[in-house]
Structures are given as C-alpha cells and as structure tokens.
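Quick notes on the structure that follows.
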Amino acid sequence: MTAATQDAPPPRVRLPRRRGVEFSLLVCAVLCSMLGYAAVGLARSGAVPHDVAGYGAGLGLLALTGHLAVRFGAPYADPLLLPIAVLLNGLGLVLIYRLDLETPADRAAPTQLVWSALGVALFALVVVCLRDHRLLQRYAYLSVAAALALLTVPIFFPAVNGARIWIRVGGLSFQPGEFAKILLAVFFAAYLAANGTALAHTGRRLWRVRLPAGRVLGPVLAVWLISVGVLVLERDLGTSLLFFGLFVILLYVATGRTGWIAVGLLLASVGAFAVGALEPHVHGRVEDWLHPFASIEAGRGPGQLAQSLFAFAAGGMFGTGLGQGHSALIGFAAKSDFILATAGEELGHAGLTAIFLLYALLVARGFRSGLALRDPFGRLLATGLASILALQVFVIAGGVTGLIPLTGMAMPFLAQGGSSVVTNWVMVALLVRMSDSARAPVPDPGPAADPGPAPDAGPAADPGPGRGPGPGCGPGDGPPHHGGPLPSGPLPGGSVSRATAPARPPGPAPAAPTREGAR
C-alpha cells in the first residue's frame, strides 16, 4: 500500500434517495383506500360502487402530485412520510363516505376530497418553494403576531356547539386555530433555539432548582399565556391543552432539564381542575367522562360517549366490517370528533391498532428527522411538529375511548374538517423538507479547500514553486518556499499564523517581505 493510498480520505457515504420505495408505498396506499371504498359499497348495496375507479384516480393523482414534488424538490426526504399521510387521508375519505350513506342529506366526502386536494397542493408548494427550512427562523415574531390574530378573530363570531373556534363567511367555514399551531411552533422553535442555553444555565438558584432569568423566559411565557387565555375564552380547551404540551416539550428539548416536565404536569393538573370546576361547558364534559352511563340510568338514552364505548365493544377484535356498523347512532359528531369510533367498530381492535401504529410511525419519523438535523431551530421545529401530531392523537383518542374528558378536536387526516386536513398536509410538508436537509449529503468542499501538506514536513512534502503556505499565498503572492522555517512577521491580511510561524526573538520585528522584494 502506497503512502498516497494511506493518506487518501475515506469515501464519502451517499445515502440512497429511496424515491422508488416511496412510489411503491404510495401505490399500496391508494390500492388499500380503493379496496376500503369497494368494501363499503359491497356491504351496503351488494355491488362495487360505480365510481370506485374515479375515486382511485383522484386519490392517485393527489399521491402522484405529492410524489413528484418530493422527487424534484426534496430528493433525499424520508420515504415514509408521504405514503403514511396518503393512506390516512384515503382511509378518512372512506370512513366519511361510509357515514354519508347514513345521512344522504349531509354529504361530506366530496367536500373533504376538495380540501384534501388543496392540502396536497400546499404540500407541493411548500416542498418546492421552501428550499431551506431555516428561512422560517427570520419570521419568528411575524409568525407569533399572525398566530395571535388568528386565535382572536373567532371571538367575534357566534359559538358553535359551545365553542367559539369557527369563522363562518357565507357557506364557508374554517378554524383558524389549526393554522395557528404551525405559526406558534415556528415561534417557539426560533426563540428557544436562540435562548435555550440561557434558559438552561442562567438565572438564580433556589435550593436545588435554578430559576431561569425573567428577561429570557418572559417573552415566550407571555406569548403562551396570551394564546392559552384566548383559547379559554373561546372554550377551546383541546387546543389549549395542545399548546401547553407543545410549550413544555420544546422547553425540555431546548434546555435538557427534566424539571420542566414536572412543572408542566403540575400546572396542567391545576389548570384542568380549575377550568373543570369553574367553566360550565367543561364541567359538563367532565361529568360525562366520570359517569358515561348516567343518562341511560336516568331514562334519557345513551349519550355520545356511551354510544362511542358501545361501538368499540361491538367491534371486538376484528370488527364488523366496513359499512356494517352502527356508529352513526353517535349523532352530529360522528364524522369529526367520534370518527375513531366508526374505525374501532368496523375495523376492530386490530384495525384500530394499525391506525395508531401509522400515527406512531409518522411521529417517530418526524422525531428522527429532528435528531438528524444540525441546526437547533430545525431540531426544535421538527420535534414540535411531530409533538403536535402526537398530542392531537392522544387527546382525541383518549376522549373518545373514555381515558380523559372529551375535547373537540379533529383526528389528523381521518376526521371531517377542511382546516384540519390542510394544516396536517402543511406540517407533513415541513417534515419532508427537514428530513431532506437531514439526509442530504454534505457538499464536497473540493480541492480548493484542501489545507495541503504541513510546511515543515521536509522535502517529501514540497509544495513546489509558487505555492507558499498560509492563507492568501497563491501563485505569485510570495516567494517560493521549499521547507524550513517561515519568515516571521504578519501574513497577508495582518494576521500571524500561530501554527506555522516560529517564535519571534525579542527586539524589533523584521520588515515583512514585499512583492517587489519577492520578485
């Protein structure tokens, strides 16, 4: 083995792009959704729906649009993020279509497909146009201003089902709090990336606890308190819980101090007890959670939570089959808050577990992208977006199954809701962009950045005439040097190389060689 072979750098590892794997998984996701659509038709009418090909073509076009955006805009992105989102979105369309058959006068599947198309269009726009996620860090304060404005506007509109979280203009309605989630995640990530070290290592120590400095924690704490206070006024306790969880998780990730988790759990418990005792709307939901069968005992029939529990029990291990359940008895929220009950009854515990595993895999890949990123802002933003999805699934699934009091939120990708599905697609687009930044190979600096051999390596390391060592010494910039000590004095640019220049003897420094002297 020669010396040149020994000194050669190791070959650069280039990760595979895996776009072919992503395309194959997308085909499987579209086929699974088509099979579910056909199964609903067979169960309800004994025949495959005549528009199953059109449904598959529409969903396939959306999947292909997202795939092309990722292939050309983020070629090194995680190959699982987009297929999981397409499969969950397709399954949600199937469940909404199945519930539409119970309410022919209120069909939501066509509208949900339009909102899904808009979400995929925004997904492609974000992936293609946002070339570097770090650009979002510049607009941290603009993001928080827009988020607070979006959270405040619904106060001036009439309440819907006890909560002021909707904006209705004509026949259109949307929930601005869904878009505020992303904007607040951007602000929290940007602020904590810049001040995480100060939060962890500055402030006064009280016994064994270090209290962070108020000037550092104050701005982000004020933004969180304002946002949560507005949501309490709107009676949107589910989103309030989500924002609180996001805030605590990002504080823990930014500082690495587990004390924030304990403080967060304590404050969440105190706040939940206070709101549940003082707010009548929330107090009613707490009572329904504690006594789900009280209405049956009183002779008024089962309520929504009781009907949901009956649906899960009727599904058993493998379910009744798509289209053969009775979860429509839940009532007006069967397509939104309680759509998970339909999945549990008709797909069974096995199908429900598969859905939860899809969500878990989506969240895990988001966390993995955050861990692989090199910049603090990207790590916090990816962690925050993945945490939003995880918290949302936990809050909704816990409420529908009776684990925690029910809150009005939409299951990501599954439930009816245009604002929700569009926001979820934008979050997946940001995770795709950051996973591409995490997996993309580092650009090769090339031979221009090669530091070259050491100047005192002897004749074997002779750089040749006209290539003096040190910064700025190119051909013709200094005298030829063939080893030995360097001339003392300042290098070009006024700096002295401590690694190569010998110690200067006491006394006046000799004059630096000029270009005329070199010639």
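The values are calculated or read from the model by the stated rules, or taken from the named source; none is laboratory data. Quantities reported herein were computed from a predicted structural model and do not represent experimental measurements. As a convention, Cβ positions derive from the backbone with ideal geometry for all residues, glycine included, and neighbour counts pool all protein chains shown. Just the protein is used for accessible areas: all its heavy atoms, side chains included, with ligands, DNA and RNA removed. Shrake-Rupley method; radii C 1.70, N 1.55, O 1.52, S 1.80 Å.
Considered as a group, the residues in region 410-429 that are open to solvent by 10 Å² or more (accessible area, probe 1.4 Å) and hydrophobic (A, V, I, L, M, F, W, C) include one that is nearest to the chain's Cα centre (by Cα), and that residue is V426. Evaluating S143 against the criteria (1) under 28 Å from S437 (Cα atoms); (2) open to solvent by less than 10 Å² (accessible area, probe 1.4 Å) leaves one unmet condition, (2).
For region 32-83, a tally of residues being under 19 Å from V432 (Cα atoms) and hydroxyl-bearing (S, T, Y) returns 2. When G299 is tested against (1) out of contact with any Leu (no Cβ under 8 Å at 6 or more places or on another chain); (2) open to solvent by 40 Å² or more (accessible area, probe 1.4 Å); (3) on the phi < 0 side of the Ramachandran plot, just one condition goes unmet, and that condition is (3). Every condition in (1) among the basic types (K, R); (2) out of contact with any Asp or Glu (no Cβ under 9 Å at 6 or more places or on another chain); (3) modelled with pLDDT of 90 or more is met by R433 except one, and the failing one is (2). Of all positions in region 40-51, at least one carries a residue that is out of contact with any Phe, Trp or Tyr (no Cβ under 6 Å at 6 or more places or on another chain), of a type in the set (D, E) and over 25 Å from M427 (Cα atoms).
Restricting attention to region 39-96 and to residues that are among the charged types (D, E, K, R) and under 25 Å from the mean Cα position of the chain (by Cα), the residue that is most open to solvent (accessible area, probe 1.4 Å) turns out to be R71. Every test in (1) open to solvent by 10 Å² or more (accessible area, probe 1.4 Å); (2) modelled with pLDDT under 90; (3) of a type in the set (A, V, I, L, M) is passed by L151 save one, and that test is (1).
Only residues that are surrounded by 14 or more Cβ atoms within 10 Å (Cβ to Cβ), assigned to a helix (DSSP H, G or I) and either hydrophobic (A, V, I, L, M, F, W, C) or more than 20 Å from the chain's Cα centre (by Cα) (or both) were counted in region 97-116, giving 8. Taken over region 306-326, residues that are closer than 23 Å to L290 by Cβ and open to solvent by less than 20 Å² (accessible area, probe 1.4 Å) amount to 3. Just one residue in the set A311, A354 is hydrophobic (A, V, I, L, M, F, W, C) and in contact with a Gly (Cβ under 7 Å, 6 or more places away or on another chain); that residue is A311.
Could you tell me how many of the residues in region 285-296 are in contact (Cβ under 8 Å) with a residue 60 or more places away in the chain and open to solvent by less than 50 Å² (accessible area, probe 1.4 Å)?
Number of matching residues: 2.
In the set R215, R138, only one residue is closer than 22 Å to F377 by Cβ, assigned to a helix (DSSP H, G or I), open to solvent by 70 Å² or more (accessible area, probe 1.4 Å) and at pLDDT below 85; that residue is R215. Yes or no: F367 under 22 Å from Q112 (Cα atoms) and open to solvent by 40 Å² or more (accessible area, probe 1.4 Å)? No.
Listed by position, the helices (runs of 4 or more DSSP H) enclosed by region 271-349 that each have at least 3 residues that are among the hydrophobic types (A, V, I, L, M, F, W, C) and more than 32 Å from the chain's Cα centre (by Cα) are 304-315.
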